[in-house]
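Novice: My questions all concern the structure below.
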Amino acid sequence: MQSSNQKSGFTVRLAGPDAPGNPGTGSSGKSFMMRRRNRHGRGLRGEVMLPTHPGYRTRSDRFDDMVLDSAHRLHDIWGKTLDGVRFGVDEIPPDLEKLAANSASAPMGSYTPAADGEGPMITVYRRVVEQGCPGPEELQDLVHDVVVEHTAEMLGVAPETLDPVYRRRY
């Protein structure tokens, strides 16, 4: 299942609770959050962290927001040129085993041209970008650089032309 977060023409794909490989599903088929009683049957589980606290959002949620922020920044600069472009987040590249067998480095993102009535897709691979980042404070910059490079590939322009503050970091 794929759920999406849409805002002004941009889309970020998010993994649903029944997505393959999701660690939240146990042998009973229900995720941890779907089981509402504690294991002794004495009542409902409550939230451990309130939504108003910063720790409530997962790293994956924050990464999705970084990609969305970069997409919005480029849309503010380029306007209608980027309408219909979809921005996605995947955990790892689909052909990672083949890349590892050939000792090739994993890409941090990819560009897929428009096909079958859907617009072009720019995908950022979360695990590869996080591992390629020297520290957590540089993650937003690296995410933005990956989005800029693949958007520039799509438009056929130099990344420096697409965003004036772009610097090749990796």
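Novice: Answer with yes or no whether Val12 is over 25 Å from Leu142 (Cα atoms) and at pLDDT below 85. Steps first, answer last, please.
Specialist: On the way: over 25 Å from Leu142 (Cα atoms): no; at pLDDT below 85: yes.
Criteria not met by Val12.
Novice: Then there's this: Given the conditions (1) farther than 19 Å from Gly132 by Cβ; (2) open to solvent by 40 Å² or more (accessible area, probe 1.4 Å), and given that Leu82 satisfies all but one, which numbered condition is not satisfied?
Specialist: Single failed check for Leu82: (2).
Novice: Still on this model: Which residues, taken from the stretch 108-124, are open to solvent by 50 Å² or more (accessible area, probe 1.4 Å) and either hydroxyl-bearing (Ser, Thr, Tyr) or farther than 17 Å from Gly156 by Cβ (or both)?
Specialist: Kept after step one, since they are open to solvent by 50 Å² or more (accessible area, probe 1.4 Å), are these residues of the stretch 108-124: 111-118.
Within the stretch 108-124, Tyr111, Thr112, Ala115, Asp116, Gly117, Glu118 qualify.
Novice: Go through the stretch 130-141 residue by residue and tally those that are at pLDDT 90 or above and either within 19 Å of Trp78 (Cβ to Cβ) or in contact with an Asp or Glu (Cβ under 9 Å, 6 or more places away or on another chain) (or both).
Specialist: Within the stretch 130-141, residues that are at pLDDT 90 or above and either within 19 Å of Trp78 (Cβ to Cβ) or in contact with an Asp or Glu (Cβ under 9 Å, 6 or more places away or on another chain) (or both) number 2.
Novice: How about the stretch 59-156: which helices (runs of 4 or more DSSP H) wholly inside it have at least 2 residues that are among the acidic types (Asp, Glu), under 16 Å from the mean Cα position of the chain (by Cα) and within 22 Å of Arg167 (Cα to Cα)? Give the steps one after another, and end with the answer.
Specialist: Details: elements: 59-78, 96-101, 126-132, 139-155.
It comes to 59-78, 139-155.
Novice: Then there is this: Would you confirm whether any residue within the stretch 154-163 is at pLDDT 90 or above, under 20 Å from Ile92 (Cα atoms) and of a type outside the set (S, T, N, Q)?
Specialist: no
Novice: Sticking with this structure for a sec: Going by the structure shown, is Met154 under 17 Å from Lys80 (Cα atoms), of a type in the set (A, V, I, L, M, F, W, C), open to solvent by 20 Å² or more (accessible area, probe 1.4 Å) and in contact (Cβ under 8 Å) with a residue 40 or more places away in the chain? Don't jump to the end; show me each part of the working.
Specialist: Details: under 17 Å from Lys80 (Cα atoms): yes; of a type in the set (A, V, I, L, M, F, W, C): yes; open to solvent by 20 Å² or more (accessible area, probe 1.4 Å): yes; in contact (Cβ under 8 Å) with a residue 40 or more places away in the chain: yes.
Here the answer is yes, as Met154 does meet what is asked.
The values are calculated or read from the model by the stated rules, or taken from the named source; none is laboratory data. The structure presented is a predicted model; accordingly, all values stated were derived computationally and were not measured. Neighbour counts run over all protein chains shown; Cβ positions are idealised from the backbone, glycine included. Side chains included, ligands, DNA and RNA excluded: accessible areas come from the protein's heavy atoms. Shrake-Rupley method; radii C 1.70, N 1.55, O 1.52, S 1.80 Å.
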